[in-house]
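What follows draws every value from the coordinates through simple rules; no lab data is involved. Every value quoted in this text rests on a predicted model; they were computed, and no experiment measured them. For neighbour counting, all protein chains shown are included, and Cβ atoms are generated from backbone atoms with ideal geometry for every residue, glycine included.
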Amino acid sequence: MLVSAKEMMQAARAGHYAIGAFNLNNLEWTKAVLKGAQESNAPVIVQVSEGAGKYMGGFKTVADLVKNLIDSQGITVPVALHLDHGTYNGCKACIEAGFSSIMFDGSSLPFDENEAKTKELVGICNELGMSIEAEVGAIGGEEDGVVGMGECADPAECKKIADLGVTMLAAGIGNIHGVYPEGWPGLRFDVLEAIKAQVGDMPLVLHGGSGIPDSMVQEAIKLGISKINVNTECQIAFAKATRAYIEAGKDQQGKGFDPRKLLAPGTQAITDMVKYKIEVFGSKDKA
Ligand code: 13P
């Protein structure tokens with residue numbers, strides 16, 4: 001059964017650890033992440049972007065896949081199914097499809113519009129017992145081949161959105177999606193502290209969790225980060241293991257071209273990455 005992320009976020013906030021939120025891309029990914037969480041005895045958030053949802057056959061397919069795998073794979077740890085960086089319409093579609101959590105990313109909208117739409121969606125989620133993440137201030141990443149150094153959110157705007165009653169809040173603190181550029185100056189702990197001073201006990205979300213040194217991640221957790229998104233590092237681990245399998249010529253031997261065999265090393269690499277991240281985030285054995 002899927003659960004809302006509310007309880008696990010509040011427990012993480014109080015216990016000074018962070019919940020791993022891992023992006024899904026296909027069947028293997030979904031099995032791999034659930035297995036990693038189960039073997040770590042950790043609560044977990046599995047999430048899809050709108051693009052990944054479309055790729056996987058639509059939000060309903062994703063919701064049914066996750067629910068059925070929880071049953072068939074004997075997953076007993078709490079699992080929340082979350083929409084990552086949702087548009088307003090995407091959020092409505094995921095609510096309809098049976099997700100247990102959404103992120104409304106109104107960070108590219110004028111602030112007043114972000115506030116109004118977040119407020120409306122908070123009302124719907126509260127009624128349905130779902131969790132909701134909001135975002136203030138865009139999180140950097142690659143745009144037209146140029147990678148920025150990471151933007152920072154305005155703490156006063158963070159407070160306004162937090163006060164709408166969201167479950168968790170994503171705010172830029174110099175973090176970036178994808179691979180961090182050469183010379184990236186690191187997370188802005190001063191900004192994180194200023195945000196924390198405004199929002200109090202609101203669980204904060206760190207996007208772009210791949211490639212940040214573990215010690216920096218752990219410092220951020222101490223300062224109020226309670227959910228950490230990881231996508232790129234799982235993708236790199238999957239690609240590396242798959243490539244190694246092919247380069248070793250194993251796909252040429254016997255029935256090595258069988259996708260169940262071909263994708264097995266990469267799938268295991270995702271499980272291993274999930275377990276590693278859960279250790280770093282401190283959520284092992286917190287189920
Ligand atoms: P990475 O791909 O950098 O791990 O970021 C994932 C993320 O924040 C998804 O929203």
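Out of everything in segment 182-195 that is over 21 Å from the mean Cα position of the chain (by Cα) and more than 24 Å from F104 (Cα to Cα), what residue ends up being farthest from the ligand (Cβ to nearest atom)?
D190
Which count do you get for residues in segment 105-123 that are closer than 20 Å to G172 by Cβ and surrounded by fewer than 21 Cβ atoms within 10 Å (Cβ to Cβ)? I'd like the intermediate steps shown before the answer.
At the first step, the residues of segment 105-123 found to be closer than 20 Å to G172 by Cβ are 105-115, 117-118.
Still in the list and also surrounded by fewer than 21 Cβ atoms within 10 Å (Cβ to Cβ): 108-113, 115, 117.
Final tally of qualifying residues: 8.
Out of the residues in segment 218-268 that are acidic (D, E) and in a helix (DSSP H, G or I), which is nearest to the ligand (Cβ to nearest atom)?
Narrowing segment 218-268 to residues acidic (D, E): 219, 233, 247, 251, 258.
Next, only the ones that are in a helix (DSSP H, G or I) stay: 219, 233, 247, 251.
Working: E219: 18, E233: 6, E247: 25, D251: 27 Å.
By that ranking, first place goes to E233.
So which residues in segment 227-277 are of a type in the set (D, E) and either crowded, with 22+ Cβ neighbours inside 10 Å or touching a Ser or Thr at 6+ places or on another chain (Cβ under 8 Å) (or both), if there are any at all? Give the derivation first.
First pass over segment 227-277, keeping only residues of a type in the set (D, E): 233, 247, 251, 258, 272.
E233 - this is the single residue of segment 227-277 that is of a type in the set (D, E) and either crowded, with 22+ Cβ neighbours inside 10 Å or touching a Ser or Thr at 6+ places or on another chain (Cβ under 8 Å) (or both).
Can you find even one residue in segment 184-202 that is within 17 Å of H85 (Cβ to Cβ) and small (G, A, S)? Before the answer, list the steps.
Looking only at segment 184-202, we keep the residues that are within 17 Å of H85 (Cβ to Cβ), and these are none.
Looking for residues that are within 17 Å of H85 (Cβ to Cβ) and small (G, A, S), one finds none in segment 184-202, hence no.
Among the residues of segment 200-213, write down those that are surrounded by 22 or more Cβ atoms within 10 Å (Cβ to Cβ) and either free of Cβ contacts under 8 Å to residues at least 24 places away in the same chain or away from the ligand (no atom under 16 Å from the Cβ) (or both).
Within segment 200-213, M202 is the sole residue that qualifies.
Please go through segment 187-217 and give me each residue that is over 19 Å from K284 (Cα atoms) and part of a helix (DSSP H, G or I), ordered by number.
F189, D190, V191, L192, E193, A194, I195, K196, A197, Q198, V199
Residues that are in contact with a Ser or Thr (Cβ under 6 Å, 6 or more places away or on another chain) and surrounded by 19 or more Cβ atoms within 10 Å (Cβ to Cβ), at least 1 per element: which strands (runs of 3 or more DSSP E) completely within segment 1-104 meet that?
Details: elements: 19-23, 44-48, 79-86, 101-104.
Of the strands (runs of 3 or more DSSP E) lying wholly inside segment 1-104, those with at least 1 residues that are in contact with a Ser or Thr (Cβ under 6 Å, 6 or more places away or on another chain) and surrounded by 19 or more Cβ atoms within 10 Å (Cβ to Cβ) span 19-23, 79-86, 101-104.
Report, ordered by the first and then the second residue, all pairs with beta carbons closer than 6 Å, sequence separation of six or more or different chains, a first member in segment 217-240 that is closer than 17 Å to M8 by Cα, and a second member that is of a type in the set (V, I, T).
Once the first residue is closer than 17 Å to M8 by Cα and sits in segment 217-240, its partners that are of a type in the set (V, I, T) give K227/I19; K227/V205.
Just to verify a result, which residue in segment 162-181, among those that are under 25 Å from N23 (Cβ atoms) and touching a Ser or Thr at 6+ places or on another chain (Cβ under 6 Å), is nearest to the ligand (Cβ to nearest atom)? Break it down into steps so the answer makes sense when it comes.
Initial filter on segment 162-181 (under 25 Å from N23 (Cβ atoms)): 162, 166-181.
Those still in the list that are touching a Ser or Thr at 6+ places or on another chain (Cβ under 6 Å) too: 167, 178.
Values: T167: 16, G178: 5 Å.
Applying the filter and picking the extreme gives G178.
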